[in-house]
Amino acid sequence: MSIDLNDTASLLGSRICHDLISPLGAISNGVELMSMSGVADSPEMKLIEEAVESANARVRFFRVALGAASGSQMLARSEILRLLDGCYGGGRTVVRWSPPSDPSRTEAKTAFLALMCMEAALPQGGEVSISADRGNWQLQAFGPAVRYDPDLWSVLTRKNGQAIASSQVQFALLQEVFEATGQTPLVGHSDSAVSLRY
């Protein structure tokens, strides 16, 4: 996919993530220096370390999902696995990334936004599998409780969907990506699963 996604919202996302990376890195370095200087391990220090690691992982994930993307730039599969492990490695939702090759930055952005939509359907956690074959992508979400809101998911297939909350902005952003790239999403669901193909 060679389409550039550099709309205003994506540029804003890139800028915010870029500006947050440096201070988070400084906090992380400060915590490391404190531990090297003999500050005893404590539950408080452990909590700070985990919070900084989590914030760093989320910002790097959001940089791909919400930031500008160029179809000519590739994102290494190893980097994607690192980002997913940082965001989901210790959580209630397990993410399985199956595409064997390095996707374009645009493909990665689309898949990450789709993953965020899938995550919204799993209020109690679960599993999301992501696969791709010759440009055809598929995501499947399974969990003990699946929340499927047909009006919300219909945002992906029409421009003027329902009003959405800030916690659901990924649906509107993914719809814009589909429109820009000319892709057609197909959504399916059951009591225990949601699927998205494009």
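Structural remarks
- Extreme residue, modelled with the lowest pLDDT, among residues of segment 133-149 that are under 17 Å from residue 197 (Cβ atoms) and open to solvent by 70 Å² or more (accessible area, probe 1.4 Å): 134
- Pairing each residue of segment 174-198 that is closer than 21 Å to residue 67 by Cβ and among the hydroxyl-bearing types (Ser, Thr, Tyr) with any residue that is in a loop (DSSP other than H, G, I, E, B) and open to solvent by less than 20 Å² (accessible area, probe 1.4 Å), provided the two are 6+ apart or on different chains, yields C-beta distances under 9 Å for 181/71; 198/185.
- Search result, residues across segment 125-138 that are assigned to a strand (DSSP E or B), within 24 Å of residue 90 (Cβ to Cβ) and either in contact with a Cys (Cβ under 7 Å, 6 or more places away or on another chain) or not β-branched (Val, Ile, Thr) (or both): 126, 127, 129, 131
- Residues in segment 97-119 that are closer than 21 Å to residue 191 by Cα and surrounded by fewer than 22 Cβ atoms within 10 Å (Cβ to Cβ): 116, 119.
- Only one of the listed residues (83, 122) is in contact (Cβ under 8 Å) with a residue 24 or more places away in the chain, in a loop (DSSP other than H, G, I, E, B) and either buried (at least 19 other Cβ atoms within 10 Å of the Cβ) or in contact with a Cys (Cβ under 9 Å, 6 or more places away or on another chain) (or both). That residue is 122.
- Residue match in segment 103-113 (condition: without any contact (Cβ under 8 Å) to a residue 40 or more places away in the chain and among the acidic types (Asp, Glu)): no
- Selection status of residue 153, part of a helix (DSSP H, G or I), open to solvent by less than 50 Å² (accessible area, probe 1.4 Å) and under 16 Å from residue 115 (Cβ atoms): yes
- Segment 80-126: number of residues that are touching a helix residue (DSSP H, G or I) at 6+ places or on another chain (Cβ under 8 Å), of a type in the set (S, T, N, Q) and closer than 13 Å to residue 139 by Cβ: 2
- Looking at 26, 9, 55, 65, just one residue is within 24 Å of residue 143 (Cβ to Cβ), small (Gly, Ala, Ser) and either surrounded by fewer than 19 Cβ atoms within 10 Å (Cβ to Cβ) or at pLDDT 90 or above (or both), and that residue is 65.
- Criterion violated by residue 130 - all others in (1) open to solvent by 10 Å² or more (accessible area, probe 1.4 Å); (2) under 21 Å from residue 74 (Cβ atoms); (3) touching a strand residue (DSSP E or B) at 6+ places or on another chain (Cβ under 9 Å); (4) of a type outside the set (Gly, Ala, Ser) satisfied: (1)
- Among the conditions (1) open to solvent by 80 Å² or more (accessible area, probe 1.4 Å); (2) farther than 28 Å from residue 74 by Cβ; (3) of a type in the set (Asp, Glu), residue 179 misses just one, which is (2).
The values are calculated or read from the model by the stated rules, or taken from the named source; none is laboratory data. As the structure is a prediction and not an experimental result, all values here were calculated from the model. Positions of Cβ are generated from backbone atoms using ideal geometry, with glycine treated the same way; all protein chains shown enter the neighbour counts. Please note that ligands, DNA and RNA were not included when accessible areas were found on the heavy atoms of the full protein model with its side chains. Shrake-Rupley method; radii C 1.70, N 1.55, O 1.52, S 1.80 Å.
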